[in-house]
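Note sheet for the following structure.
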Number of protein chains: 2
Amino acid sequence: MTNPIDFYFDFSSPYGYFAAAKIDTLAARYARRVNWRPLLLGAVFKVNGQQPLPTIPLKGSYAKHDMLRSARWFGLPFKIPTKFPIGTIAPCRAFYWVQDQDDTLAKKFALALYHAYFAEDRDISNPEVTGNVAAKLGIDKAALTAALNDTAVKERTKNEVDAAIERGVFGSPYMVIDGEPFWGADRLDQLERWLDKGPW
Amino acid sequence: MTNPIDFYFDFSSPYGYFAAAKIDTLAARYARRVNWRPLLLGAVFKVNGQQPLPTIPLKGSYAKHDMLRSARWFGLPFKIPTKFPIGTIAPCRAFYWVQDQDDTLAKKFALALYHAYFAEDRDISNPEVTGNVAAKLGIDKAALTAALNDTAVKERTKNEVDAAIERGVFGSPYMVIDGEPFWGADRLDQLERWLDKGPW
């Protein structure tokens, strides 16, 4: 009846950032919860033989243009980061470590990481930067930094990414609601109709 | 001041079909004309090293699902054609031959071709089928069939496709308005804002 929305995203994905900024407010209007599940697109692409969007000829240069315009469309601060895309294993592990303690705080942390990367051009692939973003929210930076190399946290992250691949997730953002998949920030309108009317 | 919208599409593209059904009405609300320019995605993909969407693992099976749902979203009759995708050289040449005589009729013809392929599962890659669709609109089928092998028509079509590739068009639908590119039926909303407000 009220299944949560599974929300998959990569911290290096602009469209993931756009969706992250909107998804909880959207879901709340229809009394749904959102289960945030960061993943590592690098691992997904390795399995599927895909390439990062910015590296594809023509599509890549259009994509940068589209990212900037879509940020304006969604009303979000955005610039193309100096280093883009990045590996997101540090923020991803950090997220799951925080989530296991406090899901609400983990979402705030994810939004702060996205803001640091896409609005402030800070390289969140660097564990030091991820730690600083966490500290700003009152999270224990030393404990978080240690957790990044903790076997259980590594395992937890790996399992999440494997489960996403297993489920057929191939991009970011990717939302699943009542078994129905929606890929892309530009499918939030179709997802909203689903929340409003059920299957259509 | 009132540049036309350049509207690029392939007759084998479901999202091109969705956009074709909407673009003229949308443009007319802002007193803009639309210049319809069918292309051959096969030729574009050969240059860019892209693959047809349905053939890509995971993305392909999601894509079919998304096409069906997006057709419902746009309120258009649609089924995945038995033969999909197809080469669209016959409908593409036929279109340009008709357009050189009557642009309004050419648009009607394009919409009828899309309907035949995506609503009635008729294989419009077959010149015979393309001819029958034309005949229904009062176009001379024998003259059209002859035109498909006419050197000038072939040349005209090739030039259009080459010019599109030259311009950086890599998908369908692809719209350019005042130099601003929009890729995908899911960018019609952003395109409308451009028509409404100018650069934003």
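The values are calculated or read from the model by the stated rules, or taken from the named source; none is laboratory data. Quantities reported herein were computed from a predicted structural model and do not represent experimental measurements. So basically every Cβ, Gly included, is an ideal-geometry build from the backbone, and we count neighbours across all protein chains shown. Ligands, DNA and RNA are stripped out before the accessible areas are found, and what is left, the full protein with its side chains, is counted by its heavy atoms. Shrake-Rupley method; radii C 1.70, N 1.55, O 1.52, S 1.80 Å.
Observations
- Residues in segment A:11-82 average 44 Å² of solvent-accessible surface per residue, probe 1.4 Å, ligands and nucleic acids excluded.
- Diffusion coefficient, µm² s⁻¹, Stokes-Einstein with Kirkwood Rh over alpha-carbon pairs of the protein assembly as shown at 25 °C and 0.890 mPa s: 107
- Net charge of Cβ neighbours under 15 Å - reference A:Thr145; Lys, Arg +1; Asp, Glu -1: +1
- For A:Lys136, the lysines whose Cα comes closer than 26 Å to its Cα, not counting residues fewer than 8 places off in the same chain, are A:Lys22, A:Lys79, A:Lys83, A:Lys107, A:Lys108, A:Lys154.
- Using the Cβ of A:Tyr8 as centre and a radius below 10 Å, the other residues enclosed give a net charge of -1, where K and R count +1 and D and E count -1.
- Inter-chain Cβ neighbour average for residues A:180-192, partner chain, 10 Å: 3
- Helix-only arithmetic for the protein assembly as shown: the sum of -39500 (n - 2.57) across DSSP H runs with n ≥ 4, divided by the residue total, places the mean residue ellipticity at 222 nm at -17500 deg cm²/dmol.
- The calculated pair-distance distribution of segment A:64-196 uses every alpha carbon pair, bins of 5 angstrom beginning at 0, and gives 2, 9, 16, 19, 20, 18, 11, 4, 0 percent.
- Shown here is the pair-distance distribution of segment B:1-55: with all Cα-Cα distances grouped in 5 Å bins from zero up to the longest one, the shares run 5, 18, 23, 20, 14, 11, 7, 2, 0 percent.
- Shape category assigned to segment B:111-188 from the gyration tensor of Cα positions, a/c cut at 1.5: oblate
- With 5 Å bins from 0: P(r) over segment A:1-100, alpha-carbon pairs, percent: 2, 11, 18, 21, 21, 15, 8, 3, 0
- Net charge contributed by nearby residues that have their C-beta within less than 9 Å of A:Leu195 (K/R +1, D/E -1): +2
- Hits among lysines - C-alpha to C-alpha of B:Lys158 under 17 Å, sequence gap 8 or more where chains match: B:Lys46
- Considering only A:Pro38, A:Pro57, A:Pro91, the Gaussian network model of chain A with Cα springs below 10 Å gives its largest mean-square fluctuation to A:Pro57.
- Accessible area of the protein assembly as shown belonging to carbon and sulfur atoms, whole % at 1.4 Å probe: 53
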